[in-house]
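The values are calculated or read from the model by the stated rules, or taken from the named source; none is laboratory data. These numbers were taken from a predicted model, which means no experiment stands behind them. Note that we place each Cβ from the backbone using ideal geometry, even for glycine, and neighbour counts take in every protein chain shown. Accessible surface is based on the protein model in full, side chains and every heavy atom, while ligands, DNA and RNA are left aside. Shrake-Rupley method; radii C 1.70, N 1.55, O 1.52, S 1.80 Å.
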Amino acid sequence: GENVEQHPSTLSVQEGDSAVIKCTYSDSASNYFPWYKQELGKRPQLIIDIRSNVGEKKDQRIAVTLNKTAKHFSLHITETQPEDSAVYFCAASSGGSNYKLTFGKGTLLTVNP
Amino acid sequence: KAGVTQTPRYLIKTRGQQVTLSCSPISGHRSVSWYQQTPGQGLQFLFEYFSETQRNKGNFPGRFSGRQFSNSRSEMNVSTLELGDSALYLCASSTIPPGTDTQYFGPGTRLTVL
């Protein structure tokens with residue numbers, strides 16, 4: 001089955017700096033890669049996703065890149081703000097008959113004012 | 001549109017008991033997935049239902065089961081509770097099977113087993 005590795009497990013940055021979180025996946029058939037943000041005590045919320053036919057996607061301060069050959073994808077947050085502090089999860093799915101998302105173990109991002 | 005709802009929000013049970021958790025998806029969503037979230041393990045997939053059929057199951061013992069009703073509401077049941085079952089149980093719904101569409105999560109049910 002699919003296996004998703006996420007690094008780092010914790011990340012601390014100064015406000016205004018950039019943050020990068022990296023994930024690798026094992027199933028070459030995976031074609032959908034969402035990122036979720038979970039604030040303390042709240043539900044995970046989708047912040048951006050990318051499909052295998054796209055190499056990069058950007059939404060304001062957030063961008064995701066995908067390298068299918070290397071089987072890794074990354075989340076980039078620029079100009080970080082204290083409200084970006086949360087746990088971020090990457091996930092991968094091959095869709096089709098494999099009806100599930102496999103999540104990484106999460107990255108605790110702390111943005112220091 | 002109302003979001004995904006889960007009941008109850010908190011549960012305290014003792015070892016050996018059983019528990020039933022409920023999830024109401026977003027109106028029009030037919031796929032419901034369940035996840036167990038524990039510190040250090042992230043979100044682990046339990047199972048997914050689409051149109052009342054379980055289409056995929058994660059690596060959990062048979063004590064974990066679920067079902068989906070014709071209105072897409074879903075329940076999961078855990079029998080013979082163990083201390084290690086203490087976790088946040090999240091459900092997520094999507095219009096079509098996960099992996100092809102955005103999943104929207106509920107607030108979760110916090111289960112504590114004493």
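Once A binds B, the 1.4 Å probe can no longer reach about 1800 Å² of accessible area, counting both sides.
Of the heavy-atom accessible surface of chain B (probe 1.4 angstrom), what whole percent is carbon and sulfur?
Reported share for carbon and sulfur atoms: 49 percent.
Measuring nothing but protein heavy atoms, the accessible surface of chain A at 1.4 Å probe radius is 46 percent carbon and sulfur. Mean separation of Cα pairs under 8 Å and 6 or more residues apart, divided by the residue count, gives chain B a relative contact order of 36 percent.
Expressed as a fraction of 2.2 N^0.38 Å, the C-alpha radius of gyration for the range B:1-86 is 1.09. The residues of the range B:37-62 occluded by other protein chains by 50 Å² or more of accessible area, set against the chain on its own, are B:LEU43, B:ASN56; surface from heavy atoms, 1.4 Å probe. Centre-to-centre separation between the Cα atoms of the range A:1-62 and those of the range B:37-70: 23 Å.
What is the mean projected area of the alpha carbon convex hull for the range B:45-114, to one decimal in square nanometres? Projected over every direction and averaged, the Cα hull of the range B:45-114 covers 5.0 nm².
Accessible area per residue for the range B:5-70 is 51 Å², calculated with a 1.4 Å probe on protein heavy atoms, without ligands, DNA or RNA.
For every other residue with a beta carbon closer than 11 angstrom to the beta carbon of A:GLU79, add +1 if it is Lys or Arg and -1 if Asp or Glu, then tell me the sum. Walk me through the intermediate numbers first.
Details: positive: A:ARG61; negative: A:GLU15, A:ASP17, A:ASP84.
After counting each charged neighbour, the total is -2.
Among the chymotrypsin sites (Phe, Trp or Tyr not before Pro) in the range B:1-88, those placed in a DSSP loop whose Cβ has at most 14 other Cβ atoms within 10 Å are B:PHE69.
Pairs spanning more than 26 Å between alpha-carbon atoms, out of A:LYS22/A:LYS100; A:LYS42/A:LYS71; A:LYS57/B:LYS57; A:LYS42/B:LYS13; A:LYS22/B:LYS13; A:LYS68/B:LYS1: A:LYS42/A:LYS71; A:LYS57/B:LYS57; A:LYS22/B:LYS13; A:LYS68/B:LYS1.
Starting from the eigenvalues of the Cα gyration tensor, five times each then square-rooted, give me the equivalent ellipsoid semi-axes of chain A, largest first, whole Å. Show your work: numbers first, answer last.
Values: eigenvalues 115, 41, 28 Å².
Each semi-axis is √(5λ); the values are 24, 14, 12 Å.
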